[in-house]
Ligand code: UDP
C-alpha cells in the first residue's frame, strides 16, 4: 500500500512509523516489535521495499491487523532490479549500491512522514537521515538497534569514545578485530568506518531512550556502558525473535521434519550462515571436513547469491562428501526454515555465523551455538555467547583461517559426546528467566512508547 492509501485508513490509536534497514535480520526484529506493539493498541506503519515486505508477509497473523505495510521504492537499474532490493541473497558487488539506493530514498521517506504524521518514528542504525528528517517535522524519533549491545559498544568506543572505560579487556577486543580485518576485501568490510559513523549518529539522535534486541542476563554490562556514554536510557527488549507455529502447512519444513524425526533426541546439528553471507570454497571445505569428522547428524543450509549458477552446490562441496556422510546428512540448497528446525527436539547444536537473530533464536530454543563468525558484528556476538556460557567459538588460526579440526572437536564435544552439558544447563536457566519476564518487559515498553507518543 502507498502512503496515501495508508493515511486514508485513518487509525485512531497512537501511530508509529517503523523504518528498519533492508537486511532480513533487521526486518525480522522490527516485525516482532511491530507485532508486540500492535497487540498493545498501537497502529504501526511498517516501511520497507516491496521485496522485503513480501518476504515477511507470511509471518503476519490475524491479530496483527493494525500493522500496515508501506512500500518504499528504491531507484532501480538493469543491474539492480526491484527483486534485489534486499540484502537477503544480494551478490556482494551490489552491497554499496543498496546502501546508496537506500540513502537516495530519504525524500520519499520525508513525504511519507508528511502524509502520515505518525506520533513516533522508530528507526534503525544505518540511516542517519531518518531522525534528521523526523526532527525537522517535529516528530519524536527513537533508535531500535538490532545488533548486540557488545558489538555496538565496541563500534562506539572505536569510533566515538576511545577514552571511555570499556567493560571488557583490550586483548579480547584486539584479537577479534584482527580476525575481522583479515577478510577486509568484501564491500561490507570496507564500509565499516562509515557504518561506525552512522551508528554513532543514530544512537545519539535518539530521543531519550534507545531500544536494543538484547537482555540483561546476557549483556548487562554493555547495556550499562551504552547508557553511560550516550547519556540515555537503553532498554533491553529482547529477545524479539520469530516463533513460528510448527503445525502450519509448510512443505519445506515437512520434508526436513520427516528426516529429523528419525534421528535421536539432541543428536543433530543445524548448520546455517544467515541471509547475507556466502561461504567461499575454502570455508565450505573446512566446515565439510569438520562435520564429516564430528560423526554428528547434520542439516546444512547452503546458500548462494541470487543469480548463482545452478550446479553450485555440487561444485562447492568436496568430492565424494555426500556419499561419505550418507544418511547422517541433509543438505538443503537455499533458505532453511531455521526457526522451526531449531525448535525440534532432535537438534542438539547450531553451527552458526552468529548473526544476532540467529544467536537470539538459538538461546530461545535452548540450543548451544558452535560459532564460526564470519564478518561485521559476528565475532563480537560469538564472543558474548561464549562469555555467557551459552555457546562455544571455533577459534581461527593465526592467519584468520577456519581450523577444520577445531570445528570437528567442538561439534563432537557439544553434540556427540555431550561433555558440554554446562551449556545446555545455562540455556535452561536463562530461558526460565526469559519466560517469566518477556511479556512484562514488552508491557513496560508499551507504557514508555505511549508517553513518547503523547509528548
Ligand atoms: N534465516 C532462515 N533461513 C536461512 C537463513 C536465515 O530462516 O536459510 C533467518 C534466521 O532464522 C534469522 C535471519 O534469517 O532470523 C538471519 O539473521 P541473522 O541476524 O542471524 O543473520 P544475517 O542474515 O543478518 O547475517
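Put in line by how crowded their Cβ is, counting other Cβ atoms within 10 Å and starting with the fewest, 275, 14, 362, 280 read 280, 14, 275, 362. For segment 283-429, dividing the convex hull volume of the Cα atoms by the residue count gives 120 Å³ per residue.
Counting pairs of alpha carbon atoms under 8 Å apart in space and at least six apart in sequence, what relative contact order in percent does segment 345-448 give? Reported relative contact order: 24 percent. Its residue count N sets the reference 2.2 N^0.38 Å, and the alpha-carbon radius of gyration of segment 363-402 equals 1.17 times that reference. In this label model, residue 429 and residue 114 are separated by 5.6 nm, measuring between points 7 Å along each Cα→Cβ vector. The alpha carbons of segment 4-156 occupy a box of 44, 37, 33 Å along the principal axes, longest dimension given first. Between residue 403 and residue 453, the C-beta separation translates, for a Förster distance of 56 Å, into a calculated FRET efficiency of about 0.65.
May I ask for the equivalent-ellipsoid semi-axes of segment 204-290, computed as the square root of five times each C-alpha gyration tensor eigenvalue and listed largest first in whole Å?
Square roots of five times the eigenvalues give 37, 20, 14 Å.
In a solvent-free Debye calculation with one equal scatterer on each Cα, what is log10 I(q)/I(0) for the chain at q = 0.06, 0.07, 0.10, 0.14 Å⁻¹, listed in the order of the q values? Debye intensities relative to I(0), on a log10 scale: -0.25, -0.34, -0.71, -1.46. Subtracting the Cα-Cα distance of residue 165 and residue 93 from their residue separation scaled by 0.36 nm leaves 22.1 nm. Projection of the Cα convex hull of segment 31-101, averaged over all directions and equal to a quarter of that hull's surface, yields 5.0 nm².
Please work out the FRET efficiency for the pair residue 138 and residue 106, using the Cβ-Cβ distance as r and a Förster radius of 25 Å; give the result to the nearest 0.05.
With a Förster radius of 25 Å, E is 0.90.
Taking 0.36 nm per intervening residue step and subtracting the Cα-Cα distance, what contour gain separates residue 40 from residue 255 on full extension? Here the answer is 73.7 nm.
In terms of packing, defined here as the mean over residues of other Cβ atoms within 10 angstrom, the peptides 31-40, 252-261, 57-66 line up highest first as 31-40, 252-261, 57-66. Relative contact order of the chain: 15 percent, from C-alpha pairs under 8 Å at least 6 residues apart in sequence. Counting only Cα atoms, the size of segment 284-356 along its three principal axes is 34, 28, 20 Å, in decreasing order.
Bear in mind that the values in this text are calculations on the coordinates, not laboratory data. The shown structure was predicted, so the numbers you read here are calculated from the model rather than taken from an experiment. Neighbour counts run over all protein chains shown; Cβ positions are idealised from the backbone, glycine included.
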